[in-house]
Amino acid sequence: MKNFYFFTGGYTEPTKMGSGEIVPGRCKGITCYAFDGETGRLTRLSVTPSVPNPSYILVHPDAPFLYCVNELKEYGGIPGSTVSAYEIVSKTGELALRSRQFTCGADACHLAFSPDKRYLMSANYSGGSLSVFPILGDYRLGHASCVLRHSGEGVNRERQEGPHPHQMLLSPDGKYVYVPDLGLDCLAGYRGDWEKGWLLPDE
């Protein structure tokens, strides 16, 4: 097994989950580890602090860039979450913030790339929305090219008072995006227009 680096995140501040549980927020930020494939040993190399609630992380496969959600109810006094782009600037995994965009929905919880890696998609749990961001030539994030909102509710008023999309998965051929929604008890389907960065509702 090869040696490699990997990154972890978590909650840096107290966060109320959909179940009502309060997660205390003990994470310090995004941590980089080295993995030794022969011994199975993990070695912590660095921590990038002051990253608000980086609860989901995605590393670009073709560039030293990392993207994370900031799972928040508001940021800087503005309602909603953000998604951040970081450049990996050292061999020990230190990160430098390059851009941050609002996701147009609270509690962003999942990220996925488009098939050509030209767009980054976000599922916003409490916001009931999905957003798509162009990845620019320097791997920073542009403003959202598409924002869609689910509507409705489920039978459990405590957990399903509204839509709660919580993942975005590509079909094997890359033409479709599937979004499970806990609040609606459904699996929504969208056709991806990867020239424009749009998601088009489908059956």
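The values are calculated or read from the model by the stated rules, or taken from the named source; none is laboratory data. Note that the structure is predicted; figures quoted are calculated from it, not measured. A quick note on method: Cβ atoms are made from the backbone with ideal geometry, for glycine too, and the neighbour counts reach across all protein chains shown. The protein model used for the area step is the full one, side chains on, heavy atoms only, and it has no ligands, DNA or RNA in it. Shrake-Rupley method; radii C 1.70, N 1.55, O 1.52, S 1.80 Å.
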Subject >> Where labels lie 7 Å past Cα in the beta-carbon direction, separation of residue 173 and residue 33 in nm >> reply: 3.9
**OP:** Any chance you could check the Cα centroid distance between the range 117-136 and the range 69-111 for me, in angstrom?
**Re:** 12
**OP:** Give the accessible surface of the range 33-144 per residue, rounded to a whole number of Å², with probe radius 1.4 Å and ligands, DNA and RNA excluded.
**Re:** 42
**OP:** For residue 43, put the label point 7 Å out on the Cα→Cβ axis and report which residues of the range 64-91 keep their amide N under 18 Å from it.
**Re:** 90-91
Subject >> Carbon and sulfur %, accessible surface of the chain computed with the full protein complex present, 1.4 Å >> reply: 52
**OP:** Set the Förster radius R0 to 45 Å, insert the Cβ-Cβ distance between residue 116 and residue 157 as r into 1/(1 + (r/R0)^6), and round the FRET efficiency to 0.05.
**Re:** 0.65
**OP:** Write down the radius of gyration of the range 59-197 and its Dmax, each obtained from C-alpha positions, in Å.
**Re:** 15.2, 50
